[in-house]
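One structure below.
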Amino acid sequence: MSGDPKLERIAKGNALALCATGTWTASFAPVLERMVADAEKLAGSSQSIFIDVSEVAKLDTFGAWLIERLRRSLTQGAVEAQIAGLSANYSSLVDEVRRVRATPVVDSSAVTITGMLEQIGRAVAGVAGTVAGLVDMLGAVLAAGFRVLIHPRSFRLTSTVHHMEQVCWRAVPIIVLITFLIGCIIAQQGIFHFRRFGADIFVVDMLGVLVLREIGVLLVAIMVAGRSGSAYTAELGSMKMREEIDALRTMGFDPIEVLVLPRMLALVLALPILAFLGAMAALYGGGLVAWLYGGVDPEAFLLRLRDAISIDHFIVGIVKAPVMAAVIGIVACVEGLAVQGSAESLGQHTTASVVKGIFFVIVMDGVFAIFFASIGM
């Protein structure tokens, strides 16, 4: 029998019997949905339930799933609904659908202590997994570095220079512009508030120490995490989606040595250079504002700056740069290699790369601040 689908209740003693006929395919989805929804209301009305599908002319996955859904809905307690009359052509399809387990409905509006503890536990496990992934990547990069030292001909100089251009040279304009503006803002705000106490000149001390020790390298590292870290994650994630990384392994190449090591090395070399240029731009911007807004002559500014800072301030800032670069690169590469086969996954991991990179940069800055304070620098 063919034609429109039907689901009729037939008399069969004290048992509940439903007879399905016609075409049960996705093309009749609205009709089938309504019929199954009406039949599901009969749950609990009988101790014996049968669903006769012997007169179903056509059946696809959608129809098989609706029949299975009806069976599950009518099954309550000791009463289990039975499917009868299933032809050999469709038995394997229904069996396959039956293996799909129903996802329990979770009431998201209910807040319980157990649920809160579960969320905390999952968050802690996620943090532990992130740290483990970073340590694993660090070990893999160090191992690849040692292999390159033993076999220098395997070092990919062209790739490293290319990434140096992308990370360092092309980033100079935006880095210099942003740090210049930040230096101007710091100087203007310092002069505005110090002027109340007649201490305009002390803005030079604040600007020099703050830029060389903290703001210069920290601001540059945050911008690099947003610019280059996200680019690394997107590049590696796209290669992971297109299975290019698996192809490298098949050809006998180590993806860490081919893809990650040149990027890491370029970032470690580039960030100190960018931090130096950023610090100089910030000092220049601060000096310009101090001259035009605060009335501090450039000569007086330079003399005061020479007395206010020492080589230690410069060393403290520059030493942080390669470590922060390594952290940004490791986070970016871990997130890039964790991308699955969808654009949504790529976007999520790119966002996570920037957020985690900035977070770890700030954490490392705090660790360095404690360390240098403990050794008197």
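The values are calculated or read from the model by the stated rules, or taken from the named source; none is laboratory data. Treat the numbers as computed from the prediction; the structure is a model and nothing was measured. Every residue, glycine as well, gets a Cβ built from its backbone with ideal geometry; the counts of neighbours run over all protein chains shown. With ligands, DNA and RNA removed, areas are computed over all heavy atoms of the protein, side chains included. Shrake-Rupley method; radii C 1.70, N 1.55, O 1.52, S 1.80 Å.
Averaging the inverse of every distinct alpha carbon separation and then flipping it gives the Kirkwood radius. What is it for the stretch 236-356, in angstrom units? Walk me through the numbers before you get to the answer.
Numbers: mean 1/r = 0.0570 Å⁻¹.
It works out to 17.6 Å.
When the dipole is taken about the Cα centre of the stretch 212-327, and only Lys, Arg (+1) and Asp, Glu (-1) are charged at their Cβ, what size is it in debye, to the nearest 20?
The calculation lands at about 120 debye.
Ignoring solvent entirely, what values of log10 I(q)/I(0) come out of the Debye formula for the stretch 86-207 at 0.12, 0.22, 0.23 Å⁻¹ when each Cα is a single scatterer?
-0.95, -1.23, -1.26
Could you check how many percent of all C-alpha pairs in the stretch 125-172 are farther apart than 13 Å?
Cα-Cα pairs of the stretch 125-172 separated by over 13 Å account for 70 percent.
Hey, what do the phi angles of the stretch 282-299 turn into as Karplus ³J(HN,Hα) couplings, whole Hz, using 6.51/-1.76/1.60 and θ = phi - 60°, x for Gly and Pro?
Calculated HN-Hα couplings, in order: 5, 5, 5, x, x, x, 5, 5, 4, 6, 7, 9, x, x, 8, 4, x, 5 Hz.
Need one number: % antiparallel among DSSP beta bridges in the chain, to the nearest 5. Could the numbers behind the result be given before it?
Details: 8 of 20 bridges.
Given both bridge residues lie in the chain, the antiparallel proportion sits at roughly 40 percent.
Rounded to the nearest 0.05, what FRET efficiency do residue 84 and residue 27 have when you use their Cβ-Cβ distance and R0 = 30 Å? Can you show the working numbers first?
Values: r = 25 Å, r/R0 = 0.84.
With a Förster radius of 30 Å, E is 0.75.
Aspartates and glutamates within cross-link reach of residue 6: Cα-Cα under 19 Å, excluding same-chain residues under 8 positions apart?
Cα-Cα hits under 19 Å: 33, 38, 40, 52, 55, 60, 68.
Measure off 7 Å from each Cα along the Cα-to-Cβ vector at residue 193 and residue 136, then give the distance between these two points in nanometres to one decimal.
Each label point is offset 7 Å from its Cα along the Cβ direction, giving 4.6 nm.
Can you tell me the relative contact order of the chain? Whole percent, Cα pairs under 8 Å, sequence separation 6 or more.
16 percent
Taking the Cβ-Cβ separation of residue 342 and residue 151 as r and a Förster radius of 25 Å, what is the calculated FRET efficiency to the nearest 0.05?
0.10
At a 1.4 Å probe radius, which order do 161, 319 fall into by accessible area, largest first?
Accessible-area ranking of 161, 319, largest first: 161, 319.
Give the whole-number value, in cubic angstrom per residue, of the convex hull volume spanned by the C-alpha atoms of the chain.
Here the figure is 255 Å³ per residue.
Accessible area of residue 168, 1.4 Å probe, to the nearest 10 Å²?
Rounded to the nearest 10, that gives 20 Å².
Which FRET efficiency value, to the nearest 0.05, is calculated for residue 243 and residue 284 with the Förster distance at 51 angstrom and r the Cβ-Cβ distance?
0.60
Identify all lysines with a Cα-Cα distance to residue 320 below 28 Å; exclude those on the same chain that are fewer than 8 residues away in sequence.
356
Would you kindly derive the ³J(HN,Hα) couplings of the stretch 153-166 from the backbone phi angles with the Karplus curve 6.51 cos²θ - 1.76 cosθ + 1.60 (θ = phi - 60°), listing them in order in whole Hz, with x for Gly and Pro?
Listing the rounded values in order: 5, 7, 6, 9, 5, 4, 5, 5, 5, 4, 5, 4, 5, 5 Hz.
Per-residue ellipticity at 222 nm for the chain, helices alone: DSSP H runs ≥ 4 residues times -39500 (n - 2.57), over residue total, nearest 500 deg cm²/dmol?
-22000 deg cm²/dmol
Give, in nm to one decimal, the length gained when the segment between residue 170 and residue 98 is fully stretched (0.36 nm per residue of separation minus the Cα-Cα distance).
20.2 nm
Taking only protein heavy atoms into account and a 1.4 Å probe, give the accessible area per residue of the stretch 152-279 in Å².
That works out to 48 Å² per residue.
Could you report the accessible area of residue 25 in Å², rounded to 10, computed with a 1.4 Å probe on the protein chains as they sit in the structure?
In the full protein context, residue 25 sits at about 20 Å².
Taking amide H atoms as placed 1.01 Å from N in the peptide plane, list the residues 5 or more away in sequence, or in a different chain, whose amide H sits under 5 Å from that of residue 51.
Residues meeting the criterion, in which the H sits 1.01 Å from N, are 18, 82, 83, 84.
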